[in-house]
Amino acid sequence: MNLGTRKILDRSFTAVGITSILLMAAALLVVVVPIFSGGIGAIFFKGTIEHRKIQYNEFEKGSRKVIDRQIAEVTPYRQEVYRILDAFEADMETMEPAEKRDYLSKYKKVRDIVAHLLGPIPGDPEPILLRYQYGTTRWEKAEESLHDLMFVTKWDYSNPEEMAKQYFVPRADEFAGTALAALFPYMEKNLDKMLLPEQTFYWGFLTERSLDAHIFGGIWAEIQGTFFLAVGAMLFAFPLGVIAAIYFTEYARENFFTSVLRSANSTLAGVPSIVFGLFGLAFFINTIKVSDSKSVLAGSLTLAIMILPTIIRAAEEAILSVPRAYKEASMGLGSTKWRTILTVILPAALPGIITGGIISLGRAAGETAPIIFTAAVSVGATIGVADVFTQPTPALSWNIYNLASEHEAANEIRHVQYGMVLSLISIVLLLNLSAILLRAHVSKKLKG
Amino acid sequence: MQMTAEEKDTNRVATESNATREIFLPPERERVKDGGTPHVSAKNFSVFYGNFEAVKKVNADILSRYVTAIIGPSGCGKSTFLRAINRMNDLIPSCYTSGSLLFDGEDIYGRYTDEVQLRKKIGMVFQKPNPFPKSIFDNIAYGPRLHGVKDKKALEEIVEKSLQKAALWDEVKDRLDRNALGLSGGQQQRLCVARTLAVEPEILLLDEPTSALDPKATAKIEDLIEELRGSYTILIVTHNMQQASRVSDYTMFYYEGDLVEYAPTKQLFTNPRDQVTEDYITGRFS
Ligand SMILES: Nc1ncnc2c1ncn2[C@@H]1O[C@H](COP(=O)(O)OP(=O)(O)O)[C@@H](O)[C@H]1O
Ligand SMILES: [Mg+2]
């Protein structure tokens with residue numbers, strides 16, 4: 001190959017390389033930016049007076065005086081809404097039965113939206129579910145509801161060749177000429193005065209329990225559950241893994257048995273995590289009954305089995321990378337093998353072992369499948385440390401899935417999902433970062 | 001110079017197999033006190049790696065408190081022989097021995113020999129300096145701690161004494177808590193010597209201790225060997241013939257696993273008996 005061709009090839013390879021890296025970065029950005037902005041939105045948003053009421057009533061946060069003053073501020077505006085509703089209801093009583101029936105279903109929708117925005121309408125029975133006891137807590141959600149109130153969504157099916165098209169019709173048209181017609185412009189004009197949106201830093205999102213299945217409140221139970229599960233898994237897997245690695249590298253003879261063990265270990269590392277989940281259910285819960293049903297313990301054990309091969313492999317590599325010379329020096333001074341391992345080999349292998357351990361910890365924190373059948377519940381109380389042997393727990397990974405796919409109000413609480421995703425990513429990143437720092441620290445100590 | 005019969009006897013190197021070869025110290029090397037008895041004796045001693053015989057039926061006595069150099073072309077079995085003496089070869093699974101190798105009359109490979117105790121008495125310094133990634137103090141104290149010295153004061157004493165013996169004390173006394181890997185190569189190697197001396201061995205095995213060092217550091221190590229001569233039985237593997245002639249009293253020449261010639265250094269270099277030895281020391285091959 002002549003020089004010119006080679007140079008051109010080199011250049012084009014560089015270009016291809018850079019392009020692929022840029023593409024990856026762009027793809028990452030597309031994923032990370034919404035997660036980040038959405039997740040931040042769970043903590044930093046425009047909160048309404050309803051948010052502050054919940055904070056005060058459920059968590060005793062905020063000041064009674066301020067809330068009372070703000071309630072006094074919004075009450076006259078809300079009263080006007082209720083007056084319009086009452087007037088229309090009174091009008092309906094005087095209508096022909098057919099006309100009344102026609103209005104009744106349309107009016108119910110309006111009334112529901114108003115209740116959703118402002119909380120229960122005075123005179124209605126006190127709702128049982130917490131979610132109906134308060135109005136909308138987030139301003140952007142309130143604006144969405146307002147849009148729902150102002151417009152009826154319709155679908156255009158006229159062209160059978162195409163997908164149906166969405167279009168909006170002002171809801172006021174449905175009530176033209178009635179007392180209710182006044183409601184729509186009034187709501188549009190005065191919604192902010194009825195809800196008093198304020199910029200809110202809601203740190204409680206990270207430290208408070210959820211209220212009524214994440215409709216309100218925070219995600220502390222999930223964060224804590226994730227922590228319990230991951231740390232529990234580490235408590236089992238880390239010592240076991242390191243011991244196994246020592247056995248493989250320092251004690252095992254090269255024979256059939258060892259090579260079977262080795263390849264079993266490699267194979268385990270590649271088994272899909274859902275299989276571990278089923279194994280955990282079948283073995284830890286159904287067979288040896290570590291708990292009657294799902295528990296943190298069973299979940300931790302399952303996660304431990306899942307991350308064990310990774311820990312073993314990382315520790316093995318770390319131990320093998322310790323210079324033979326250290327071992328010879330120690331043995332040459334009259335040290336026993338075991339003592340050499342403890343005082344020379346393990347300390348020197350520590351950075352690698354730690355890295356493997358913490359990366360596994362991150363993986364244990366993030367996995368969903370292994371805990372579906374063994375530990376996770378979608379809505380649960382925050383459990384204490386003593387409950388880990390018997391109680392299941394909510395956890396970030398599982399609840400992200402659950403909120404996105406199975407929650408009855410999934411659309412209403414996107415911000416909670418984003419908040420959870422961001423929390424989980426942050427936890428895993430933080431773990432990895434601490435692994436890097438710890439590793440650097442230990443290596444520096446070793447290098448002097 | 002006249003010698004008594006007894007003196008002749010104690011200075012005889014070769015064993016029964018070639019008892020006729022009586023060899024003496026060259027006059028310019030001072031004789032050491034209480035030395036010259038067989039400290040390590042090999043009788044038909046072979047070392048195998050699997051089927052490969054790396055050291056072949058060696059018969060030799062290593063004399064106490066003298067410096068014995070082992071020379072020979074690369075791969076001739078120098079390290080193998082050296083490492084056999086403190087059973088470092090045990091770390092290699094395929095390695096086994098035949099014949100006998102005695103240390104103070106006890107079989108090194110005897111069934112009841114505790115290799116851990118043995119290595120305490122027969123210390124080793126390796127080709128590449130291999131300090132532990134610990135502080136200078138902890139490096140030296142590693143051996144004594146291993147053997148049960150816990151008292152801080154006693155440890156400090158041992159560390160100072162060992163570093164002084166290894167001629168390193170003055171250079172490191174102010175930074176004993178620093179990591180040993182921060183020292184220069186030559187200092188590291190002297191640290192390794194000090195670390196070995198700290199467990200008070202009787203024999204020092206040095207496997208090409210200067211091959212990774214610059215000439216200045218090499219000179220320091222050679223001075224150190226000169227200093228330690230007379231207190232320890234020293235075996236040094238080297239492929240540098242000037243070094244062998246400078247530091248050693250006796251020299252063994254190995255060739256393809258055979259101990260071809262073993263004689264006082266001066267004699268071996270000036271008047272080799274074997275043609276192969278002559279070819280090697282005159283540089284006809286290496
Ligand atoms: N671990 C081992 N396994 C198999 N053969 C070895 C091993 N170590 C050394 N040998 C062989 O034994 C012979 C002697 O090696 P060695 O004692 O290291 O030589 P030297 O130190 O004189 O250069 C060489 O042929 C070498 O290839
Ligand atoms: Mg060698």
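The values are calculated or read from the model by the stated rules, or taken from the named source; none is laboratory data. Keep in mind the model is a prediction, meaning the values are calculated, not measured. Note that we place each Cβ from the backbone using ideal geometry, even for glycine, and neighbour counts take in every protein chain shown.
When region B:75-125 is filtered for residues that are within 16 Å of the chain's Cα centre (by Cα) and of a type in the set (Phe, Trp, Tyr), the ones remaining, listed by number, are B:Phe81, B:Phe103. Within region A:183-195, the set of residues being surrounded by fewer than 17 Cβ atoms within 10 Å (Cβ to Cβ) and either among the polar types (S, T, N, Q) or in contact (Cβ under 8 Å) with a residue 60 or more places away in the chain (or both) comprises A:Tyr186, A:Asn190, A:Lys193. Cβ separations smaller than 7 Å between residues 6+ apart or across chains give the following pairs from region B:71-82 residues that are more than 16 Å from B:Tyr262 (Cα to Cα) and β-branched (Val, Ile, Thr) to residues that are near ligand 1 (Cβ under 6 Å from one of its atoms) and outside any loop (DSSP other than H, G, I, E, B): B:Thr80/B:Ala54. Filtering region A:144-191 to residues that are under 30 Å from A:Gln70 (Cα atoms) and out of contact with any helix residue (DSSP H, G or I) (no Cβ under 8 Å at 6 or more places or on another chain) leaves A:Glu144, A:His147, A:Lys189. Looking across region B:42-85, just one residue is within 14 Å of chain A (Cβ to nearest Cβ) and either part of a strand (DSSP E or B) or away from ligand 2 (no atom under 15 Å from the Cβ) (or both), and that is B:Gly50.
In this structure, is A:Pro309 away from chain B (no Cβ under 13 Å), out of contact with any Phe, Trp or Tyr (no Cβ under 7 Å at 6 or more places or on another chain), assigned to a helix (DSSP H, G or I) and at pLDDT 90 or above? So A:Pro309 fits the description; yes. Each residue in region B:105-125 was checked for being facing chain A (nearest Cβ under 9 Å) and small (Gly, Ala, Ser), and 1 pass. Within region A:356-400, the residues that satisfy the criterion of being surrounded by fewer than 19 Cβ atoms within 10 Å (Cβ to Cβ) and more than 15 Å from the chain's Cα centre (by Cα) are A:Ile359, A:Ala381, A:Thr382, A:Gly384, A:Val385, A:Ala386, A:Asp387, A:Phe389, A:Thr390. When A:Ile84 is tested against (1) hydrophobic (A, V, I, L, M, F, W, C); (2) more than 32 Å from the chain's Cα centre (by Cα); (3) not in a helix (DSSP H, G or I), just one condition goes unmet, and that condition is (3).
Could you run through region B:36-84 and say how many residues are of a type outside the set (Phe, Trp, Tyr) and within 16 Å of ligand 1 (Cβ to nearest atom)?
To start, the set of residues in region B:36-84 that are of a type outside the set (Phe, Trp, Tyr) comprises B:36-44, B:46-47, B:50-51, B:53-65, B:67-80, B:82-84.
Next, from what is left, pick out any that are within 16 Å of ligand 1 (Cβ to nearest atom): B:42, B:46-47, B:50-51, B:53-58, B:60, B:68-80, B:82-84.
Final tally of qualifying residues: 28.
Of the residues making up region B:231-258, those that are more than 16 Å from ligand 1 (Cβ to nearest atom) and either under 20 Å from B:Pro38 (Cα atoms) or under 12 Å from the mean Cα position of the chain (by Cα) (or both) are B:Ser231, B:Tyr232, B:Thr233, B:Ile234, B:Val247, B:Ser248, B:Asp249, B:Tyr250. Within the set A:Lys289, A:Lys294, the sole residue that is more than 14 Å from chain B (Cβ to nearest Cβ), closer than 22 Å to A:Leu361 by Cα, modelled with pLDDT of 90 or more and not in a helix (DSSP H, G or I) turns out to be A:Lys294. Exactly one residue among A:Leu206, A:Leu183 is over 30 Å from A:Gly352 (Cβ atoms), of a type in the set (A, V, I, L, M) and under 16 Å from the mean Cα position of the chain (by Cα), and that residue is A:Leu206. Scanning region A:148-167 for residues that are within 40 Å of the chain's Cα centre (by Cα) and surrounded by fewer than 12 Cβ atoms within 10 Å (Cβ to Cβ) returns A:Thr153, A:Trp155, A:Asp156, A:Tyr157, A:Glu162, A:Met163, A:Lys165, A:Gln166, A:Tyr167.
Residue count for region B:194-206 under the criterion of being within 10 Å of chain A (Cβ to nearest Cβ) and either within 10 Å of the chain's Cα centre (by Cα) or within 16 Å of ligand 2 (Cβ to nearest atom) (or both): the result is 1.
Only one residue in A:Leu301, A:Leu320 is more than 9 Å from every other protein chain (Cβ to nearest Cβ), closer than 28 Å to A:Leu361 by Cα and crowded, with 20+ Cβ neighbours inside 10 Å. Which one?
Exactly one residue qualifies, and that residue is A:Leu301.
For A:Ser335, the conditions (1) within 14 Å of another protein chain (Cβ to nearest Cβ); (2) touching a residue at least 40 places away in the same chain (Cβ under 8 Å) all hold with the exception of (2). Checking B:Leu224, B:Leu191 one by one, the residue that is away from chain A (no Cβ under 14 Å) and hydrophobic (A, V, I, L, M, F, W, C) is B:Leu224 and no other. Considering region B:86-106, the residues that are exposed (fewer than 15 other Cβ atoms within 10 Å of the Cβ) and within 18 Å of B:Lys43 (Cα to Cα) include one that is farthest from ligand 2 (Cβ to nearest atom), namely B:Gly105.
Here A:Ala404, A:Ala435, A:Ala409 are screened, and the one residue that is closer than 30 Å to B:Arg178 by Cβ and away from chain B (no Cβ under 14 Å) is A:Ala435. When region B:186-217 is examined, which residues are found to be within 16 Å of ligand 1 (Cβ to nearest atom), surrounded by fewer than 23 Cβ atoms within 10 Å (Cβ to Cβ) and of a type in the set (A, V, I, L, M)? Answer for region B:186-217, where residues must be within 16 Å of ligand 1 (Cβ to nearest atom), surrounded by fewer than 23 Cβ atoms within 10 Å (Cβ to Cβ) and of a type in the set (A, V, I, L, M): just B:Ala212. It is to be established whether one or more residues within region B:145-155 are at the interface with chain A (Cβ under 8 Å from one of its Cβ atoms) and buried (at least 22 other Cβ atoms within 10 Å of the Cβ). Looking for residues that are at the interface with chain A (Cβ under 8 Å from one of its Cβ atoms) and buried (at least 22 other Cβ atoms within 10 Å of the Cβ), one finds none in region B:145-155, hence no. On the stretch given as region B:162-188, residues that are away from every other protein chain (no Cβ under 14 Å) and either in contact with a Pro (Cβ under 6 Å, 6 or more places away or on another chain) or within 21 Å of B:Tyr66 (Cβ to Cβ) (or both) total 3. If the condition is being outside any helix (DSSP H, G or I) and over 23 Å from A:Arg339 (Cβ atoms), then region B:144-175 contributes B:Ala166, B:Ala167, B:Leu168.
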